[in-house]
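Only one structure is covered here, and it is reproduced in the block below.
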Amino acid sequence: MSRTLPKTEDRQKSRLYQFLMEDIREDLLLECELLMLSFATGIQDAAAWPDYSCFASNQTGNTLFLAIGVAGLTRNAYSFPNIGVSLSLFLAGGFIMGQLGNYVGVRRRLWLLLSNLIQTLCVFGALIIQHRWPIKRDGPAALSVIALLAFSSGGQVAMSRSLKITEITTAMATAAFIDVVIDPDLGKLKNRLRNRRVMFLIMLTAGCFVGAFAQREINSNFPILLCALGKALVGVAMLFNRPIKQSRSPASSMESLKV
């Protein structure tokens with residue numbers, strides 16, 4: 001018995017290692033996971049704007065508001081520190097998580113699980129800060145919440161873009177709207193790329209409405225909680241993504257022929 005147990009443990013460790021090192025395939029489950037992240041993004045931005053006068057994901061809007069504010073046209077309608085922190089931490093999240101993904105492997109299950117875990121913990125961290133301290137537009141607590149949400153968003157967009165499913169960016173809607181209306185196969189019954197774009201826009205918009213009404217009807221913490229739970233759900237789902245089938249190398253095929 002003492003000899004067989006180590007072998008069993010080694011096999012289990014080997015299977016776990018192989019499972020984590022698998023590159024996941026592009027399929028319906030992966031599309032659904034990205035769509036859920038799009039939904040969570042909509043909730044998050046709809047919740048961030050009323051409290052902090054900036055977006056956590058929509059950096060196009062933040063860049064525009066920054067320019068308008070510098071021109072003196074806002075009359076203190078926006079918070080420059082909040083916008084600056086959101087933009088810089090979004091880029092930091094994209095850079096750090098994107099480059100780590102390049103090193104580990106952008107489709108490797110281990111990296112996708114780790115990346116999503118970090119993103120989820122950031123959102124839960126923002127929720128804890130909001131719950132612990134009074135919500136104000138300006139101040140250290142506000143900047144901390146924005147920093148965590150923006151870093152999470154940057155990491156999420158870097159992850160989704162690295163997967164090369166360009167129709168589901170999980171954050172930016174402008175290009176998706178145009179890509180839908182200029183699609184030469186827009187009217188065809190079977191059009192997977194169009195369907196991806198349309199579903200992305202539906203989920204992002206639905207998330208915005210859910211976040212806005214949750215903010216109005218319940219409180220500011222509830223939409224952030226929904227966002228965190230959505231990302232956690234995606235993390236669990238990633239345990240069930242199927243791997244890319246590995247084709248045998250020419251050398252192994254020759255060896256099998258010899259046998």
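Does Leu229 count as among the hydrophobic types (A, V, I, L, M, F, W, C) and either without any contact (Cβ under 8 Å) to a residue 12 or more places away in the chain or in contact with a Cys (Cβ under 6 Å, 6 or more places away or on another chain) (or both)?
Taking the combined requirement at face value, the residue satisfies it.
Would you mind finding the one in Gly207, Gly154 that is within 17 Å of Phe39 (Cα to Cα), in contact with a Ser or Thr (Cβ under 7 Å, 6 or more places away or on another chain) and part of a helix (DSSP H, G or I)?
Of the residues listed, the single one that is within 17 Å of Phe39 (Cα to Cα), in contact with a Ser or Thr (Cβ under 7 Å, 6 or more places away or on another chain) and part of a helix (DSSP H, G or I) is Gly207.
Among Leu20, Leu34, Leu73, Leu16, which is the only one that is over 25 Å from Thr170 (Cα atoms) and at pLDDT 85 or above?
Leu16
Cβ-Cβ distance below 7 Å, separation of 6 or more or different chains: which pairs start in the stretch 27-56 with a residue that is surrounded by fewer than 24 Cβ atoms within 10 Å (Cβ to Cβ) and end on one that is of a type in the set (Lys, Arg)?
Close Cβ pairs (under 7 Å, with a partner that is of a type in the set (Lys, Arg)) amount to Asp27/Arg242; Glu31/Arg196; Asp51/Arg137; Ser53/Arg137.
Against the condition open to solvent by less than 40 Å² (accessible area, probe 1.4 Å) and among the β-branched types (Val, Ile, Thr), how does Ile68 come out, does it pass?
Against the criterion (open to solvent by less than 40 Å² (accessible area, probe 1.4 Å) and among the β-branched types (Val, Ile, Thr)), Ile68 does not qualify.
Please specify each residue of the stretch 27-49 satisfying the condition of being over 15 Å from the mean Cα position of the chain (by Cα), part of a helix (DSSP H, G or I) and not aliphatic (A, V, I, L, M).
Trp49
Has the stretch 174-196 got at least one residue that is open to solvent by less than 80 Å² (accessible area, probe 1.4 Å), within 16 Å of Glu33 (Cα to Cα), out of contact with any His (no Cβ under 6 Å at 6 or more places or on another chain) and in contact (Cβ under 8 Å) with a residue 60 or more places away in the chain?
yes
In the stretch 130-159, what residues are open to solvent by 30 Å² or more (accessible area, probe 1.4 Å) and within 11 Å of Ile224 (Cβ to Cβ)?
His131, Ile135, Leu148
Could you please let me know if Leu201 is closer than 22 Å to Ile129 by Cα and modelled with pLDDT of 90 or more?
no
The values are calculated or read from the model by the stated rules, or taken from the named source; none is laboratory data. Keep in mind that what you see is a predicted model, and the values were worked out from it rather than measured. Using ideal geometry, Cβ is built from the backbone for each residue, glycine included, and neighbour counts are taken over all protein chains shown. Surface accessibility is based on the protein's heavy atoms, side chains included, excluding ligands, DNA and RNA. Shrake-Rupley method; radii C 1.70, N 1.55, O 1.52, S 1.80 Å.
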